[in-house]
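The values are calculated or read from the model by the stated rules, or taken from the named source; none is laboratory data. Values in this document were obtained by computation on a predicted structure and should not be read as measured data. We place every Cβ from the backbone using ideal geometry, glycine too, and count neighbours over all the protein chains shown. Calculation scope for accessible area: heavy atoms of the full protein, side chains included, ligands and nucleic acids excluded. Shrake-Rupley method; radii C 1.70, N 1.55, O 1.52, S 1.80 Å.
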Amino acid sequence: MTERRPIECWLSDMDGVLVHEGHPIPGADEFIRRLTESGRRFLVLTNNSIYTRRDLSARLASMGLMVPAEAIWTSALATAQFLADQRPEGSAYVIGEAGLTTALHEAGYVLTDIEPDYVVLGETRTYSFSQITRAIRLIERGARFIATNPDPIGPSTEGSLPACGAVAAMITKATGVDPYFVGKPNPLMMRTALNRVEGHSESTAMVGDRMDTDVVAGVEAGLETILVLSGVTRKEEVERFPFRPSHVLPSIADVLPMIGERSDP
């Protein structure tokens, strides 16, 4: 490993790193507190496009994690920014919930099913067959296909739920058109996050619990990567991947010394 600059900015995944099934992971509150008190720039990232960042801030606060809304970056926000950059004041047919529709509205997009520029697929707990059918027909007529994230399944207290990637695969099978996924592991999401915190890849760390999204996105964006074993990826699985994280640690609590060892930038 080449020697890197001291960590000045932090990017952290949310589920599996800071919270798990509605409960904070031990050390998460101290991690956020140290970042806040030290004045370090940070963002909490999530591929979940269901909630607005104000919603997520309130949900985290209810668990004792005081993360301001402006320190949250979702795949919905990254998608809205991407579309606004690609086709300003465009139009989209959206399958998703408030996190995605709000982000697109705020980016100046018109949401419509009449000849939209894009079909945008996000997360929802109520995927509708009629909505999916409408999306397929619009894509057949030339709408460009965008999806917020490639995750095939999502967690619930009852077990796995089909997520954005699984529904996108259904639409692709029907149309022959692959979506452009904006969320992790697309390094685009990491670059937009870096821009938000005004960070540099050589002095920014990414903390995640998944090798196939968090770590690979961090590696491709040139960040220092920290895999915590409190979520999806198990320690014995790390060697199966052709890329490696900079650090493998049991949980976010074990990341705390890395903050304490740094002097304020």
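What is the distance, in nm, between label points placed 7 Å from the Cα along the Cα-to-Cβ direction at ASP212 and at ALA69?
Each label point lies 7 Å from its Cα, and together they span 3.4 nm.
Relative contact order, percent, of the stretch 87-217 when contacts are C-alpha pairs under 8 Å separated by at least 6 residues?
That works out to 17 percent.
Quick one: among MET170, MET190, MET211, which has the greatest mean-square fluctuation in a GNM of the chain with alpha-carbon springs under 10 angstrom?
Maximum among the listed residues: MET170.
Given the options SER246, SER91, SER75, state which has the largest fluctuation in a GNM of the chain using a 10 Å cut-off (strictly under) for Cα springs.
Its mean-square fluctuation being the largest, the pick is SER246.
Among VAL248, VAL228, VAL182, which one shows the biggest mean-square fluctuation in a GNM of the chain, springs joining Cα atoms closer than 10 Å?
Answer for the Gaussian network model of the chain: VAL248.
Report the dimensions of the chain along its three principal axes from the alpha-carbon atoms, largest first, rounded to Å.
Per principal axis, max minus min of the Cα coordinates gives 56, 38, 37 Å.
Pairs of alpha-carbon atoms within less than 8 angstrom and 6+ residues apart define the contacts here; what relative contact order does the chain have, in percent?
For the chain, the relative contact order is 22 percent.
Roughly what would the spin-label model give for ARG33 and GLU239, points 7 Å off Cα along C-beta, in nm?
3.9
By how many nm would the segment from THR172 to ALA58 lengthen if fully extended, with 0.36 nm per residue of separation less the alpha-carbon distance?
So the chain would gain 37.5 nm between THR172 and ALA58.
Enter the accessible area per residue of the chain (Å², integer; probe 1.4 Å; all protein chains in place). Before the final figure, lay out each step's value.
Working: 12380 Å² over 265 residues.
Heavy-atom SASA per residue in the chain reads 47 Å².
Please identify the GluC sites (Glu not before Pro) of the stretch 145-224 that satisfy two criteria: DSSP loop assignment and at most 14 other Cβ atoms within 10 Å. Which are they?
On the way: sites: GLU158, GLU198, GLU202, GLU220, GLU224; in loops: GLU158, GLU198.
Counting only loop positions with at most 14 other Cβ atoms within 10 Å, the GluC sites (Glu not before Pro) in the stretch 145-224 are GLU158, GLU198.
As I understand it, the dipole of the chain uses +1 on the Cβ of Lys and Arg and -1 on the Cβ of Asp and Glu, about the Cα centre. Which of ALA174, MET206, GLY122 lies farthest toward its positive end?
So the residue we want is ALA174.
Tell me, what ³J(HN,Hα) does each residue in the stretch 68-81 have, in order and in whole Hz, if you take phi through Karplus 6.51 cos²θ - 1.76 cosθ + 1.60 with θ = phi - 60° and put x for Gly and Pro?
With coefficients 6.51, -1.76 and 1.60, one gets x, 4, 6, 9, 10, 10, 10, 5, 5, 5, 5, 5, 4, 5 Hz.
Please arrange ASP85, ASP15, ASP209 by accessible surface area, largest first, computed with a 1.4 Å probe and ligands excluded.
Sorted by accessible area, descending: ASP85, ASP15, ASP209.
To the nearest 20 debye, what charge dipole does the chain have about its Cα centre, counting +1 at the Cβ of each Lys and Arg and -1 at the Cβ of each Asp and Glu?
Result for the chain is approximately 300 debye, rounded to the nearest 20.
Using alpha carbon centroids, what distance separates the stretch 1-66 and the stretch 193-265, in Å?
12
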